Amino acid sequence: MSEPRLCEVCRRRPARHRCRLCGRVVCSEDYDEARGVCRFCAETLCQVCSERLAVASCEVCGRLVCDECGVQLTPVIWLCPSCAARFRGEWPPRSLVLSEARELASRLSRVLR
Ligand SMILES: [Zn+2]
Ligand SMILES: [Zn+2]
Ligand SMILES: [Zn+2]
Ligand SMILES: [Zn+2]
């Protein structure tokens, strides 16, 4: 039981860091030093705060957002904070079909008060 632990991502190099989000132990190459997370979590990290794992991507720009940074409009439609702010003046976004856009608009007006 005393052998060094292997990285849980590559399973080849010795583990030197613990991911603060998922708790995996990983080698230096599979660790994002700046953000303190493993390679897997770095790919799914919220692109707004870099603190929490993303739960969705922005409907407009595709940026990954966590449940605190994102603005949830419907169970499946999210916006990032900057897109939500942009659409204050220009609504509805052209990429959405009209029925969805109407629904979004009414929700967004409540969210963005
Ligand atoms: Zn590794
Ligand atoms: Zn991780
Ligand atoms: Zn976030
Ligand atoms: Zn966005």
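Here, each number is a calculation from the coordinates, and none is a lab measurement. In this text, all values refer to a predicted model and were calculated from it rather than measured experimentally. No Cβ is skipped: glycine too gets one built from the backbone with ideal geometry, and neighbour counts run over all protein chains shown.
Whole-Hz ³J(HN,Hα) for each residue in the stretch 63-71, computed from phi via Karplus 6.51 cos²θ - 1.76 cosθ + 1.60 with θ = phi - 60°, x for glycine and proline: what do you get?
Karplus values, whole Hz, x for Gly and Pro: 5, 6, 10, 8, 6, 8, 7, x, 9.
What trypsin sites (Lys or Arg not before Pro) does the stretch 1-50 have in DSSP loop regions with at most 16 other beta carbons within 10 Å?
Details: sites: Arg5, Arg11, Arg12, Arg16, Arg18, Arg20, Arg24, Arg35, Arg39; in loops: Arg5, Arg11, Arg12, Arg16, Arg20, Arg24, Arg35.
Answer by residue number: Arg5, Arg11, Arg12, Arg16, Arg20, Arg35.
Based on the Cβ-Cβ distance of Arg11 and Cys49, what FRET efficiency does E = 1/(1 + (r/R0)^6) give at R0 = 35 Å, to the nearest 0.05? Each step should come with its number before you reach the end.
Values: r = 30 Å, r/R0 = 0.87.
E between Arg11 and Cys49, to the nearest 0.05, is 0.70.
Can you give me the long-range amide H partners of Trp78? Hydrogens built in the peptide plane at 1.01 Å from N, cutoff under 5 Å, separation of 5 or more residues or another chain.
Glu59, Leu73
What residues qualify as long-range amide H neighbours of Leu45, i.e. H under 5 Å apart, gap of 5 or more or another chain, H built at 1.01 Å from N?
Ala54
For a quick check: with amide H placed at 1.01 Å from N, whose amide H comes under 5 Å from Leu6's, ignoring anything fewer than 5 positions away on the same chain?
Those qualifying (amide H under 5 Å, at least 5 residues apart or on another chain) are Ala15.
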